[in-house]
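The values are calculated or read from the model by the stated rules, or taken from the named source; none is laboratory data. Being a predicted model, the structure only gives us computed values, none of them experimental. Counting neighbours? That spans all protein chains shown, and the Cβs are built from the backbone with ideal geometry, glycine included.
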Amino acid sequence: MEQQAEHRDDEFLFHPSNVMLAILLLGLSVLFLALTVSYVYTRVAMHVPPVQVPFLFLVNTFILLGSSFTMKRAKKCYLHDNTEGYIGNLRYTIALSFLFMVMQTVAWIWLFQNNISLRSSTTAAYLYVISFVHLAHVIAGLPFLYLFYYTAKKRMVDPVTVLVYFSDPEKRMRLRLLTIYWHFLDGLWIYLVLFFGINYFI
């Protein structure tokens, strides 16, 4: 069934939504690459000491990995017409995303309490800006995620509406795109944590 779904998704390869997502992910990749390269350049050229990554950033990594897993499970449940699993995993993904937002705020508070603020050093400012921009894109994805959850809860009320919902190729494509976006944000966060960690120890 998954192979058949992937074959049908190939028909939407050049769909405007696919193209827009590709442009978005490319733009985000260039943006964060530019920010991290600027961080290294500033640190080397101005002889600014690196900033320590809060332990909560590592905790947030596992939270995001959890949300990526539940998002993948939601897509799998969709392809297998598993209504309860689909709705449940969407709910878990939303909850984990909100938990990430809360824990990220706590991490920033920890930085302030340890006298690591936007004005303390240039590298500290980069840490705040880069982590905030990443969080902003997580927040930007939440309305789309909630829309999937709300639509499923509202429309999947009987066998007929469930069949119509699961057989909608447009909805399947959008769910696939949202899943790709979510995995990208998780991978990007892992890259950022490793980047700051390596810079701190070298």
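Can you tell me which residue is surrounded by the most Cβ atoms within 10 Å (Cβ to Cβ) among those in region 146-162 that are more than 14 Å from Glu84 (Cβ to Cβ) and in contact (Cβ under 8 Å) with a residue 40 or more places away in the chain?
Out of the qualifying residues, it is Phe148.
May I ask you to list pairs of residues, at least six apart or on different chains, whose Cβ atoms are under 6 Å apart, with the first in region 79-92 being in contact (Cβ under 8 Å) with a residue 12 or more places away in the chain and the second being of a type outside the set (Val, Ile, Thr) and not in a helix (DSSP H, G or I)?
Leu79/Met1; Thr83/Met156
If the requirement is being aromatic (Phe, Trp, Tyr) and within 25 Å of Tyr39 (Cβ to Cβ), which of these qualifies: Phe184, Phe148?
Details: Phe148 fails: within 25 Å of Tyr39 (Cβ to Cβ).
None of the other options fit; the residue is Phe184.
Given the residues Met156, Met103, Met71, which is the only one that is hydrophobic (A, V, I, L, M, F, W, C), over 25 Å from Leu21 (Cβ atoms) and within 24 Å of the chain's Cα centre (by Cα)?
On the way: Met156 fails: within 24 Å of the chain's Cα centre (by Cα); Met71 fails: over 25 Å from Leu21 (Cβ atoms).
Testing whether each residue is hydrophobic (A, V, I, L, M, F, W, C), over 25 Å from Leu21 (Cβ atoms) and within 24 Å of the chain's Cα centre (by Cα) leaves just Met103.
Residues in region 180-199 that are more than 17 Å from Ser67 (Cβ to Cβ) and either in contact (Cβ under 8 Å) with a residue 40 or more places away in the chain or in contact with a helix residue (DSSP H, G or I) (Cβ under 8 Å, 6 or more places away or on another chain) (or both): how many? Full working, then the answer.
Step one: of region 180-199, the residues more than 17 Å from Ser67 (Cβ to Cβ) are 194-199.
Next, from what is left, pick out any that are either in contact (Cβ under 8 Å) with a residue 40 or more places away in the chain or in contact with a helix residue (DSSP H, G or I) (Cβ under 8 Å, 6 or more places away or on another chain) (or both): 195-197, 199.
The number of residues fulfilling the criteria is 4.
Which members of region 117-131 meet the condition of being assigned to a helix (DSSP H, G or I), closer than 14 Å to Pro54 by Cβ and without any contact (Cβ under 8 Å) to a residue 40 or more places away in the chain?
Of everything in region 117-131, just one residue is assigned to a helix (DSSP H, G or I), closer than 14 Å to Pro54 by Cβ and without any contact (Cβ under 8 Å) to a residue 40 or more places away in the chain, namely Tyr128.
With the requirement that a residue be modelled with pLDDT of 90 or more, in contact with a Phe, Trp or Tyr (Cβ under 8 Å, 6 or more places away or on another chain) and more than 17 Å from Ser131 (Cβ to Cβ), what does region 3-52 give you?
The answer is Leu21, Leu24, Leu25.
Residue check: is Leu177 closer than 15 Å to Leu28 by Cβ, in a helix (DSSP H, G or I), of a type in the set (A, V, I, L, M) and in contact with a Ser or Thr (Cβ under 8 Å, 6 or more places away or on another chain)?
The answer is yes for Leu177.
Run Ile139 past the list (1) farther than 15 Å from Phe57 by Cα; (2) part of a helix (DSSP H, G or I); (3) over 14 Å from the mean Cα position of the chain (by Cα) and report the number of the one that doesn't hold.
Answer for Ile139: the failing condition is (3).
Could you tell me how many of the residues in region 58-79 are closer than 28 Å to Ser120 by Cα and surrounded by 20 or more Cβ atoms within 10 Å (Cβ to Cβ)? Steps first, answer last, please.
Of all residues in region 58-79, those closer than 28 Å to Ser120 by Cα come to 58-61.
After this cut, where a residue has to be surrounded by 20 or more Cβ atoms within 10 Å (Cβ to Cβ) as well, the list is 60.
Of the residues in region 58-79, 1 are closer than 28 Å to Ser120 by Cα and surrounded by 20 or more Cβ atoms within 10 Å (Cβ to Cβ).
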